[in-house]
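To start, the structure itself, in structure tokens.
Here, each number is a calculation from the coordinates, and none is a lab measurement. If you're wondering where the values come from, they're calculated on a predicted model, not measured in any experiment. Glycine also receives a Cβ, built like all others from the backbone with ideal geometry; neighbour counts cover every protein chain displayed.
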């Protein structure tokens, strides 16, 4: 999958089909908070997401407190957002049941 920085229009199009995610004001990252029923569900989500991230060789910035997982995605090498960010975000949404 391409690690080329997406143009502003491509980012806007990708965001239109991505429920729950927010584009940073500078347009260089996307973020979302996932809230689960309990810590076990949050950890299961993180495990599935970690496996996907490893397969994509694209790793999130994230934190977990009890039942909440906060995620921020961008591609450092490209200096912004790439197709990898949106692919991982879609998978995370699926894993969260969206």
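Taking the stretch 75-95, which residues are in a loop (DSSP other than H, G, I, E, B) and in contact with a helix residue (DSSP H, G or I) (Cβ under 6 Å, 6 or more places away or on another chain)? The one that is in a loop (DSSP other than H, G, I, E, B) and in contact with a helix residue (DSSP H, G or I) (Cβ under 6 Å, 6 or more places away or on another chain): 81.
In the stretch 70-85, of all residues being out of contact with any strand residue (DSSP E or B) (no Cβ under 8 Å at 6 or more places or on another chain) and in contact (Cβ under 8 Å) with a residue 24 or more places away in the chain, the one that is surrounded by the fewest Cβ atoms within 10 Å (Cβ to Cβ) corresponds to 79. For the stretch 25-51, what are the residues that are over 18 Å from residue 69 (Cβ atoms) and under 13 Å from the mean Cα position of the chain (by Cα)? If the condition is that a residue be over 18 Å from residue 69 (Cβ atoms) and under 13 Å from the mean Cα position of the chain (by Cα), then 28 is the only one that fits. Scanning the stretch 15-53 for residues that are within 15 Å of residue 98 (Cα to Cα) and part of a loop (DSSP other than H, G, I, E, B) yields a count of 7. Taking every residue in the stretch 54-69 that is part of a helix (DSSP H, G or I) and pairing it with any residue that is surrounded by fewer than 14 Cβ atoms within 10 Å (Cβ to Cβ), at least 6 positions away or on another chain, the pairs with Cβ-Cβ distances below 7 Å are 56/1.
The rows are residues; the columns are (1) crowded, with 19+ Cβ neighbours inside 10 Å; (2) closer than 19 Å to residue 84 by Cβ; (3) out of contact with any strand residue (DSSP E or B) (no Cβ under 8 Å at 6 or more places or on another chain).
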position: 11; (1), (2), (3): yes, yes, no
position: 14; (1), (2), (3): yes, yes, yes
position: 22; (1), (2), (3): no, yes, no
position: 28; (1), (2), (3): no, yes, no
position: 32; (1), (2), (3): yes, yes, no
position: 35; (1), (2), (3): no, no, no
position: 50; (1), (2), (3): no, yes, yes
